[in-house]
Amino acid sequence: MKDAAGVDLSGLNAVQRAAVLHDEGPLLLLAGAGTGKTRVVTHRIARLVRSGVQPSSILALTFTNKAAREMRERVAALLGEHDPAGLTISTFHALGARFLREHGTALGRTRNFTIYDDDDQIGVLREALSYLGGALPAKGLKAWRRAIDTAKNAGQGAESATPPLEWAVVDPGLAGARYELLMERANAFDFGDLIVRPAQLLQEVPALADRYRARWRWVLVDEFQDTNAAQYDWLKALAPQDANLFVVGDDDQSIYGWRGAEVENILQFPHEYRGARVLRLEQNYRSDGHILAAANGVIAHNERRLGKALWSERADGLRLELFAAHDARGEARWVAERIRGFCREEGFAPGDVAVLMRANHLSLDLEEALAQTGTPYVVVRGRSFYDRAEVRDVMAYLRLLVNPNDDVAFRRAVNTPTRGVGRTSLERLGARAVALGCSLHVAAPAAIAAGDLRGRSRAGVESFMDMLDRAGRDDGRPASERVRALLTESGLVLEAADDDLGRESGEGREGNVWRLVDALETHEREAADPSLAAYLEQVRLVSDIDLADLSGGAVSLMTIHAAKGLEFPVVFVLGLEEGVFPNARALGDGEGIEEERRLCYVALTRARRRLVLTRARQRNTFGETRHNASSRFLSELPPEAVEPRYLPEPPPASRLRRSGAWPHAHDPVAVAPAPSTDELCTDPTYDDFGGADGGAYRPGMRVWHAQFGAGRVQRVASGTRPTLTIDFDEIGERKILASFVSPYEG
């Protein structure tokens, strides 16, 4: 079926078609996980173009390079064009960088500004606070950086940052102003600036806002629930009340509050844009029915949501599995063996499996267990390559070729490798730069002339600047060729090769240096803008998921945040304990718990066919052994979606010796010690999410309870919730719900 513009809509359901065919005016498309939102966005763009809308008047925004690339490729396929001319599909940050390249002079920058990351910001803060007499340790500097990021996410400047009281050693307003001054001298912007500065310019210069509104008459935003206040300010400047603003998002997947995302943006959109049309995408094409039931059951406990329920035409599939281990090592060993079971017995491959967790440190035991079983795995940790010392060294040199005023890069590169420019020399050079109100690069000749630098340090700075000047001169050679010569002449390559001596293959620092140069050569061949400046911007704006390599046949270990937007046939979620997931910082905080629950919803909806949830009764966290209650999210699962006869862990060794084999005695997981009796015997994390009723048991039967072990039924009480009086082998009589035990032949 094609619409009047000739776009094929046959693969769309009724709600998707309604969104694609929406005429003018604002629209909010509430798109649940796995409901085909990208298909809607790309079909809408294709339909607009086929209907006569100029591609140059369309702006589509998303959050990752991967999503933007996929969107562009799909639109091109729908239109039958390689790359629709003039169409802007971009991430927010890439658009911000592009905007500031054009208008940055109004903010005291040139087109060749550098984008500073977290470590660079800390370097600037160290200088700013030191100038004001407020030197701080690394922990304090990180707290200040977070405060500045928070202020900019809220649409404010660094002067409005509010650091924690324990680190407020100087006036925050003065520190913020000094920070901004140093950023301007370094010809640099931080990541927050890429959003807040365009928004401020559009608000302060109405003619500029009018120009962009006239240019982009159709604005589409994907993952709208992830926008922060500054991004929303920018959108409202580009697309006021009556504009054609088409936003797609899921309030139930708003999980980035810790980095400034405001769930209120999507919750209040129908009120902000009066008369906006609201459509709900609820048909899921990803997951089996029991997985969707579990996700719906958990997220329904959130109060602040617009409301929807996922459904599917797929079968219910197999129920969720639950496992409770004695400790984290037992949890890891069981998960490793269960993965082997999925691969050996059910035809899955390691690459079909993802193990998700609330925090990276939870993967350590599992990495060891997977290695012991010979299961290939990959830890998805985003920018780890670009965070390596030798890579940051090379990047510092490259940054200086584009922006010589980049003080952070200058400080890193000038004595790497060592050329006699130590701390004292840099302090003298820095003092001269402060006196002159300029960058280190500009101040260097004056410092040499004044005698601030002498002997070896003078020779080192002079040779360094001469080398950069030659490499930065456009002599007709490609930048990659000049960079190769620079890295060799500087001694970086030789130093990396020397450090590699004695290392195992595959860990080479020299190889990482050349990997960067190779990437630059590829960029020069393939990019629309082959310049070194464009390459550096591309590297700086890469996101965690853009770097994730999930193409191999290995189990993927990652945080739930990193998994957003991905899907896998088999998903494990570790650490479902109070204080772990939900995170301890969220306990007692209503909005914090709601965001944690949204994070749980995201985790559950990554699974297509099999979903396994695990926890440990005790866990060593940062040197402390903690006994954690089961996560509240487990108690929110609908019982009908959970495997009712799934025994979560073997009995302690003492019971095995006395009562013989148990139903899972072949399981290689280490056995647990006897449980304490201060835990609720009806804790569903340990037990059978019962389909059994009292009639399934009779006095004299042997039964198994996952917390209290084996016992014999003494009495049966029927009713709406049948209970059993059981004489347990080790703790005596207890009254237990019948749904929380299983028959046991031991």
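What follows draws every value from the coordinates through simple rules; no lab data is involved. Quantities reported herein were computed from a predicted structural model and do not represent experimental measurements. Cβ: placed from backbone, ideal geometry, glycine included. Neighbour counts: every protein chain shown.
Table for the structure above
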item	result
Fully extended contour minus Cα-Cα distance, from Ala527 to Thr725, at 0.36 nm per residue	64.0 nm
Nearby aspartates and glutamates by direct alpha-carbon distance to Lys735 (threshold 12 angstrom, same-chain neighbours under 8 apart not counted)	Asp727
Per-pair calculated FRET efficiency, R0 = 30 Å: Phe385 and Glu70 via Cβ, rounded to 0.05	0.85
Order by protection proxy (mean Cβ within 10 Å, highest first), peptides 320-329, 139-148, 413-422	320-329, 139-148, 413-422
Amide H partners (placed H, <5 Å) of Arg715, local residues excluded	Thr725
Relative packing of 182-195, 306-319, which averages over residues the other C-beta atoms within 10 Å, highest first	182-195, 306-319
Spatially proximal lysines relative to Lys37 (Cα-Cα < 22 Å; intrachain offsets below 8 disregarded)	Lys2, Lys66, Lys308, Lys564
For segment 114-186: relative contact order, % (alpha-carbon pairs under 8 angstrom, 6 or more apart)	30
Per-pair calculated FRET efficiency, R0 = 51 Å: Ala584 and Ala77 via Cβ, rounded to 0.05	0.65
By average C-beta atoms within 10 angstrom, highest first, the peptides 204-216, 355-367, 50-62	355-367, 50-62, 204-216
Two-site label geometry, His301 and Tyr131: point separation in nm, points 7 Å out along Cα→Cβ	5.0
Label-point gap, in nm, between Glu204 and Ala168 - each point 7 angstrom along Cα→Cβ	2.6
Counting DSSP beta bridges with both ends in the chain, the antiparallel % (nearest 5)	35
Over the chain: Rg over Rh, Cα atoms, Kirkwood Rh	1.02
Set of segment 64-100 residues, backbone N closer than 17 Å to the point 7 Å along the Cα-Cβ line of Ser10	78-80
Sequence of Trp258, Trp218 once ranked by neighbouring C-beta atoms within 10 Å, starting from the fewest	Trp258, Trp218
Footprinting exposure proxy for Leu202, Leu557, Leu132 (fewest neighbouring C-beta atoms within 10 Å first)	Leu132, Leu202, Leu557
